[in-house]
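The values are calculated or read from the model by the stated rules, or taken from the named source; none is laboratory data. Predicted, not measured: the structure shown is a model, and the values here were computed from it. Here Cβ is always computed from backbone atoms with ideal geometry, including for glycine, and neighbour counts include all displayed protein chains. These area figures cover heavy atoms from the full protein model, side chains too; ligands, DNA and RNA do not enter into them. Shrake-Rupley method; radii C 1.70, N 1.55, O 1.52, S 1.80 Å.
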2 protein chains.
Amino acid sequence: MVKGAAVTQESYLLHEDPFSGNCYKIRLTAALLGLPVERRFYDILKGETRTPEFLAQVNANGRIPVLEITTGEAKRFLPESNAACWYLADGSDLIPKDRFAQADMLRWMFFEQYNHEPNVATLRFWLSHIGEPNLSPEQQAMIPAKRANGDAALRLMDEHLARQDWFVGDSITLADIALYAYTHVAEAGGFALGDYPALSRWLDRVAQVSGYIPMA
Amino acid sequence: MVKGAAVTQESYLLHEDPFSGNCYKIRLTAALLGLPVERRFYDILKGETRTPEFLAQVNANGRIPVLEITTGEAKRFLPESNAACWYLADGSDLIPKDRFAQADMLRWMFFEQYNHEPNVATLRFWLSHIGEPNLSPEQQAMIPAKRANGDAALRLMDEHLARQDWFVGDSITLADIALYAYTHVAEAGGFALGDYPALSRWLDRVAQVSGYIPMA
């Protein structure tokens, strides 16, 4: 278990879809910190995160995950997976204390949302959840670019991990958790993880961390 | 000027393109903090961030901005605009101290990179920098979706800003800076800012902050 999770009177409810790697990030962070999180499930494909109730009460952006934080009578809602991980991990060893290392960890988390997720996660969603024949012509036309950009993100990660065991510093941080979530299931999007040996060793390393839970 | 910037022996060099809103975020953050930043210019369209030298020495991801931080003999390189802003603003009033407010600020910064930048900034780049006739058929086919998603992001911001003056808390934070950069030039991407009155008032508010510098 990672040290240093905040001791609070809070309780946590995760609004999520168990298929979503973004939701898994938050559950994995909480598991490594030993924090219990209740779960409420939504089916994105059935529009369950676009209902008037969801938009008014949980997230006006119509997306999951959202971390609901209850303190006494007060409820607060935090969208965006990486922000929810940051909240849970506040003060723990999952966030480096050093100024540069902390910013460098955020660097990889922004990279994940900008360069990795829209390619690696989207192709998994399209190919293994929606199914290629059901994609629109516009989506089908975007597959080659997403394939190339996803492989570029995986290659950059592999080169980095050939030089060090963890993305930042010498132990697991939120950067590893954020990047692990969709990378370890990237083959469902047609990516060949065997092409990335250092990255594959890092996937094994994450799965060995005390407190680790699998996605499914 | 915002209070609390770290006093260090560091100097900063920004590897940037002056057309880029992501680069401007870092310059605006530094200006509000009273930190001097040297600038080195690259032309993305000429491939100047994809040279072997740039990839080896500045950013293996081939992108700007990158903040180069020099401390004595040591040089460190920090890619990702929002991470560089975080580094510069460490300890200042641009980052809330409260645990939830800090995570909520990061929420808006991840929203910016995922929901806003790929739509609002990309249409500006395509339409006012590359030119619509020069776009590939795949890019042209993506314009309607990027228009709709960009307007959805601006509408969400407008609804939030109808209830409060700043994205988080009661003064400017990095969330405002990150979202301001591409929003205030969104008309160059064909977005009608007049459709968003609360957002338009917020744009004026940001431009009144002590230490503000314009993009151009």
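Miscellaneous remarks
- The set of residues from segment A:86-118 being farther than 22 Å from residue B:112 by Cα and hydroxyl-bearing (Ser, Thr, Tyr) comprises just one member, A:92.
- Filter result for residue A:96 (more than 11 Å from every other protein chain (Cβ to nearest Cβ) and over 18 Å from the mean Cα position of the chain (by Cα)): yes
- The residue list A:216, A:175 contains one member that is within 14 Å of another protein chain (Cβ to nearest Cβ), touching a residue at least 60 places away in the same chain (Cβ under 8 Å) and over 23 Å from residue A:142 (Cα atoms), which is A:175.
- Segment A:126-151: number of residues that are touching a residue at least 24 places away in the same chain (Cβ under 8 Å), of a type in the set (A, V, I, L, M, F, W, C) and surrounded by 15 or more Cβ atoms within 10 Å (Cβ to Cβ): 2
- Checking residue B:169 against (1) open to solvent by 50 Å² or more (accessible area, probe 1.4 Å); (2) closer than 30 Å to residue A:137 by Cβ, the condition it does not meet: (2)
- Condition check for residue B:48: more than 25 Å from residue B:110 (Cα to Cα) and free of Cβ contacts under 8 Å to residues at least 12 places away in the same chain: yes
- When each of B:103, B:121 is tested for being modelled with pLDDT of 95 or more, part of a helix (DSSP H, G or I), more than 9 Å from every other protein chain (Cβ to nearest Cβ) and in contact with a Phe, Trp or Tyr (Cβ under 7 Å, 6 or more places away or on another chain), the lone residue that passes is B:121.
- Residues in segment A:109-118 that are farther than 18 Å from residue B:174 by Cα, touching a residue at least 60 places away in the same chain (Cβ under 8 Å) and either within 9 Å of chain B (Cβ to nearest Cβ) or open to solvent by 10 Å² or more (accessible area, probe 1.4 Å) (or both): A:117 alone.
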